[in-house]
1. Taking one equal scatterer on every alpha-carbon of region B:42-99, how large is log10 of I(q)/I(0) by Debye at q = 0.13 1/Å?
2. May I ask for log10 I(q)/I(0) of region B:99-161 at q = 0.27 Å⁻¹, from a Debye sum over the Cα atoms as equal point scatterers with solvent left out?
3. Which trypsin sites (Lys or Arg not before Pro) does region A:1-89 hold that lie in a coil by DSSP with at most 12 other beta carbons within 10 Å?
4. Relative to the Cα centre, what is the charge dipole magnitude of region B:10-161, using +1 at the beta carbon of each Lys and Arg, -1 at the beta carbon of each Asp and Glu, and rounding to the nearest 20 debye?
5. If the rule is a partner Cβ under 4.7 Å, which cysteines in the protein assembly as shown fail it?
6. Considering only A:THR15, A:THR77, A:THR67, give the residue with the highest GNM mean-square fluctuation for chain A, with springs between Cα atoms whenever their separation is below 10 Å.
7. With Cβ to Cβ distances under 15 Å as the rule, what net charge do the other residues near A:ALA184 carry (K, R +1; D, E -1)?
8. Quick check on packing: order A:130-138, A:185-193 by the mean number of other C-beta atoms within 10 Å, highest mean leading.
Amino acid sequence: MANSLESQLAGLRDTRVWRSIFRSGSGATNLRRALAVQQNVFLHLASVKVRKRSLAFRVTWFLGTLTLGAFLILVLTGIPLMLYYHPSVPQAYADMNDLRFVVSAGVFLRNLHRWSAHAMVLLVFAHMFKVFYRGAYRSPREFNWVVGVVLLLLTLFLSYTGYLLPWDQLAFWAITVGSNLISAVPVLGARIRFLLLGGNTVNANALLRFYVLHCVVLPLAAVIFLAIHFWRIRKDGGIYSGESEHHE
Amino acid sequence: MSESDHKEPKSADSSRRQAFVQLGVGSICVACAGASVFGYEFLAPNVLYEPSPITNAGKPDRYPPDTVTQDLQAGIYIVHGPEGLYAMSAVCTHLGCLTAWKPELGIVACPCHGSKFHRDGSKIEGPAPRPLQWLRAWISDEGDLLVDRSEPLSQKQFVRT
């Protein structure tokens, strides 16, 4: 039974359509397996070969993968939420309440989005602590640590911009306080605040700008930096698997 | 023999190429500078649909002596003290939250981080670095009390009625 399924799959892999899409054909040789990873646009970011040791739970606690999982949940829940949400004053608050009380599964999607956002911030920090205390940030991986710091800032800024969107009192005052913190930047502070809010107060322009940042600009930047982050793992010799690997 | 033959046209070629590279890099730099100026100008709105900074607080006799009146919409206090009327911003000097007048305590308090102020705006305690802003206030020709929220006063100034 299993054998016939395998042979059927092998047959499928040898069809012209499959070969035209995936190039690498059937067969369990190492070359075929390597090609399957190398010739796939998504998989090629990852290493062709991975040390079995570095896949153990205790090495990473899977924190990076879990962070990616939270990010994917946020994208998948965020897009449907956009279909019911108008980033305008005072409609935004009413839409948020509609999502909670009127739209089928709205409350599920909204809460999943919110909890995943909290989880992602937590996981990013946990991931960074794990990397730091294992010493996995050291040469040759120091640039990937820098990319990671950029991703941390993007996560925090995504969190911050998303916080305004419910347009309730908590959101309004949090962004009022946060944007006044930006004014503390020397020389340019007041100007950055004006550009970010699109005005002097947290108002319709600020809501629209935060919406565009939250839904387009920052996720796009995050995807680009995530791709660099994963690709660098491969280029830096795979996941850091322990003290024995470190020379000097 | 061919070496010296080729040398001259080659160096002329490379200097021409260098000139084009410089021209290309230069024009990209100019385009980037132009794009950042355009980008800045585009992102900074020229027309703001925000409330006017000058607010009409009504007739001065609405404010009896020895009272503090908070205008929640305008975010200001009108205080009638012994020296006369004065206007103060209700926006906390810490991080911009709207403070509230507590009549039972006779102080102004901020809900966000706990700053407290006297009724003349001076700080009692809390993270606020400065006293509350005094605002320019005057009586219009129609006899209304006007307050300009964009004009903080550097020294105390009273409106006598």
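Laboratory data are not the source of any read-out in this text; all were calculated from the coordinates shown. Since we're looking at a predicted model, the values are computed, not measured. As a convention, Cβ positions derive from the backbone with ideal geometry for all residues, glycine included, and neighbour counts pool all protein chains shown.
1. Reported log10 I(q)/I(0), two decimals: -0.45.
2. -1.12
3. A:ARG23, A:LYS49
4. Result for region B:10-161 is approximately 760 debye, rounded to the nearest 20.
5. A:CYS215, B:CYS29, B:CYS32
6. Judging by the Gaussian network model, the answer is A:THR15.
7. It works out to a net charge of +3.
8. Ranking, from highest mean packing down: A:130-138, A:185-193.
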